[in-house]
Amino acid sequence: MTRRGLHRLIRHPGPRRKAVVLGALGVTVVLGLTATMVPLFAADDLSVPVVADTTATSVAQDGDNSVKTTLATCPARCDGNPRGGRDAVLAFMVTSLPANAVNVRATLRVHAWQAFKATVSAHASALDATAVRPAPERVSSALDAVTAVGKGFNEWDVSGLVTGNGIWTMSLAQAGLDTRIYWASGENGNSALRPNLVLSYDLGGRPSPPPPSATLPPTAAPTTPPASPSASPTVRPTPARPSPTTTTPPPAGSGKCGTVSEKLVPSCGAWWGMYSPTNPATWDHGRAITDVEAQVGRKFDVVHRYHDFSNNGSNGAFPDSFQQEQMRDGRLMFFAWESRVFSSGTVLTWKDVYSGRYDQVIDDVAGRIRAVGRPVFMGFDHEPEDEPAKGSDADFVRAWRYVHDRFAAAGARNAVWVWTMMGWSGHYQRYAGLYPGDRYVDWVAWDPYNFHVCNGSTVWKSPSTTIGSFYRWLDEQGIGAGKPRMLAEFGTNFDIDDPNAKRRWFEEFPAALKAHPKIKAAIYFNSAGVTTTTKNCNMTMNHDAAALAGFAAAGRDSYLRQPTGGSR
């Protein structure tokens, strides 16, 4: 159904030998997820110089903090100023870890000229380390902390953030000692005092060869060649934690699990995902997921959010800070992008999209997706068969291809494209005409629900019946043959005459997925907004204790606990 969403680390022993200086900023980040490998021997350390740093500050300062020879930290109340907080922000480009590097250990080293009795903690940061004077952010959980600053280099274990090649941004936040601490920056005249990141790792066995690069056939050029997309001024994402090199998924039945393809297909089982609406009293999109995870007792592999064409705020300038944090925590993102503006109710037509009128919006979004530096699920106008005001089926296909081509031209090839239909039998005759073509689609998805009495029916559909009809129809018609499949939304009502029916439905769900093995991801739509909620109708998975217990039981099934996903 169409939705309107506003939507302490153990140090590993390792040798420390020669240092290798890495290259500069223009190197491509390695994408994908790693396979499990048995370490054979330890490799030489790498010393990575800082590529950008700045001081985030709450108070006005003169000059450009990103080019000063010192960085500063200061607690929230500093030098008697209640707005005096300062954090040091540092970015590193890691490019030389080999593909078969395992057990990566990362140590941040920053020089101080004096000793201080203060605690300084290291955190993952979404701030721009090249900015003049960014405002301090609400810091995430500490990666590591020093409880007393020593004269000389101080060290923090940041292995929880740095897991492979990519751009890694972190901040230092100070507690205690109501005065500033100065640290040497990357602009210090003495190169021996500049911040660095020391990496050590083990080498595993010979890695499986990566899958061949997906070379798209030639596509029609956009009407107007896009300029290099630039991030919206509303959100400047620091690339989220990239994953190590992808390995080829093993053949079906090989028994080897834990690998993921470049198109985010797990080799065994399926991803377990969630859409959960945000509390309008707080608009905390992070808690919308973490609060549900706390109830269920696990992380979700995939977080689904809906976005619009406003190119502004959390609705349009995505990924926002909440999503960046979720990606750093190991979750995959699914951005469902709708050609409308949520705040005004404006509905765009598909002709509006492919006419070039919204090219800047498309290019800005593509630029931010490219900057993420890891694969993300991307959808355009889910359930188009339920959008008659937007145009014809042919218009939808043309708009989809147009958006896809502009993403490709902008270098946003980390977008994994998910074509999502309702999957209703009343539209079966339209789906061939709504399919953009195999080269434009990576996953085929639909939105099955056991509505029961929510839609006026009295039929209670089992999980297999709920998901099976469209699955079999796709097999018969050959649409998206060979593509992985996804339940982009799914849900069930409860039965007022059988209080445990919903719990059993969830408990039976993993077996239904196993019987439909082409489904490699299932995302629950946990919103009362899917239907009108009444005493007989509530589609949320946590509307009562029995339903929640059943859903939690499903999430504990090994088929839905990917070793490479959020459920680790």
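Since every read-out is calculated from the coordinates, none of them should be taken as a lab result. These numbers come from a predicted model, not from an experiment. A quick note on method: Cβ atoms are made from the backbone with ideal geometry, for glycine too, and the neighbour counts reach across all protein chains shown.
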Discussion item. Could you tell me which residue out of Met333, Ala366, Ser355 lies farthest along the dipole of region 328-378 toward its positive end? Charges go on the beta carbon: Lys and Arg +1, Asp and Glu -1, centred on the Cα centre.
Written reply: Met333
Discussion item. Please report the antiparallel percentage of the DSSP beta bridges confined to region 271-560, to the nearest 5.
Written reply: 10
Item to complete: Largest first and in whole Å, give the semi-axes of region 253-390's equivalent ellipsoid, each being the square root of 5 times a Cα gyration tensor eigenvalue.
Response: 28, 19, 15
Response to the item:
All alpha-carbon distances of region 314-408, grouped into 10 Å bins from 0, give the whole-percent distribution 14, 48, 30, 7, 0
Discussion item. Would you work out the Kirkwood radius for region 488-568? I mean one over the mean of 1/r across all pairs of different Cα atoms, in Å.
Written reply: 13.4
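What per residue convex hull volume, in Å³, do the alpha-carbon atoms of region 384-443 yield? Mind dumping the intermediate values first?
Details: hull volume 4.8 nm³, N = 60.
Residue-normalised Cα hull volume stands at 80 Å³.
How far, in nm, would the chain grow between Val198 and Ala76 when pulled straight, counting 0.36 nm per residue and subtracting the alpha carbon separation? Provide the component values of the computation, followed by the final result.
Details: separation 122, 0.36 × 122 = 43.92 nm, distance 2.95 nm.
Here the answer is 41.0 nm.
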Fill in: Order by protection proxy (mean Cβ within 10 Å, highest first), peptides 103-112, 494-503
103-112, 494-503
Worksheet item: Kirkwood hydrodynamic radius of region 429-550 from all distinct Cα pairs, in Å?
Response: 15.3
Worksheet, complete the sentence: At 37 °C in a medium of viscosity 0.692 mPa s, region 271-560 has a Stokes-Einstein diffusion coefficient, with Rh taken as the Kirkwood radius over alpha carbon pairs, in µm² per second, of 168
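Would you please put 74-84, 413-423, 265-275 in order of how densely packed they are, using the mean number of other Cβ atoms within 10 angstrom per residue and starting with the highest?
Details: 74-84: 15.4, 413-423: 22.5, 265-275: 24.6.
Highest mean packing first, the order is 265-275, 413-423, 74-84.
How would you order 138-144, 307-313 from highest to lowest mean count of nearby Cβ atoms within 10 Å? Don't skip to the end; give the middle numbers.
Details: 138-144: 15.4, 307-313: 21.1.
Order by mean packing, descending: 307-313, 138-144.
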Response to the item:
Listed by chain and number, the aspartates and glutamates with an alpha carbon less than 13 angstrom from that of Lys390, same-chain partners under 8 positions apart left out, are Glu338, Asp352, Asp381
Item to complete: Run down the lysines and flag those whose C-alpha is under 30 Å from the C-alpha of Lys518, throwing out any fewer than 8 positions away in its chain.
Response: Lys256, Lys263, Lys299, Lys461, Lys483, Lys502
Worksheet item: How large is the Kirkwood hydrodynamic radius of region 39-204, in angstrom, based on all distinct alpha carbon pairs?
Response: 16.0
